[in-house]
Amino acid sequence: MRGRLYARVYTVHVSQELLERYRHDPAKFISQLVTQDETWIHYFDPESRQQSVQWKHDLEQGKTITGDYYASLLVKLRDAIKDKGRGKLRNGVLLLHDNAPSHSSRVAVASAKQCGFELLLHPSYSPDLAPSDFYLFPKLKENIRGQVFGSDDDVMTAVDTWLHDQDRVFYEHGLKQLEKRWQNDLMFTLIM
C-alpha cells in the first residue's frame, strides 16, 4: 500500500514538473527534447489473423540491452545530434526515456551526463508518457506490417527509410502530445 501511494505521489510530482517546464516555453522545450528507446521489429509482422496463425518462428538468441549497451547508444545519439542538430548540444538536450533497467543503470546515467544531456524524470510504469511508445513505434509498425524481410539489413533499411521520410512536423506532433498526456496522467493519478 505504501509503495503504491509513493508511486502515485511521484507520478503527480513528475507530471507537474514536466508540465510547468513545458508551459514556461513550449517551443524551446520541444526544440531541446530528445527521446530514445528501442523496439522489436520482426522479419514478418502479420497483417491479418490468418497470416498470424500461419506464421511459424523461432526466436534467435540475441543481445540483451544492458546498461553498457544503452550507454554506447547515448554516445552515438550525442554524435548524431552533433552532426545533424546544428547547435542543439549548445542549447541543451533534454533526454526523455522510460526507466527501463538499462536506461536507469548507473553506467547509462553517467553516460547521459557525460554527453551533456539533462535527464527528465519519468514515472514508473508509464509507457503512455514515452513518445516512442505512444506515437513513433506504433506508426512505424503500422507502416511495415505485412512486409517480409530477408535479413537484418533489410529490416534496418526499411526502418531507416521510413524514419527519414517523416518530416519535422510529424516528429513535433508526437512530442506536442506530451502536454495532454502529462495532464491526463496527473488527473488520473489524482482521481485514484
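Observations, loosely collected:
- Pairwise centroid distance, computed over Cα atoms, of the stretch 90-130 with the stretch 13-28, Å: 16 Å
- Pairs exceeding 25 Å between alpha-carbon atoms, taken from K82/K139; K82/K141; K88/K176; K84/K113; K113/K141: K82/K139; K82/K141; K113/K141.
- Applying the Karplus relation 6.51 cos²θ - 1.76 cosθ + 1.60 with θ = phi - 60° to the stretch 158-167 yields 3J(HN,Hα) values of 4, 5, 4, 4, 4, 4, 6, 6, 7, 8 Hz, where x marks Gly and Pro.
A short reminder: the numbers here are calculations on the coordinates, not readings from a lab. Treat the numbers as computed from the prediction; the structure is a model and nothing was measured.
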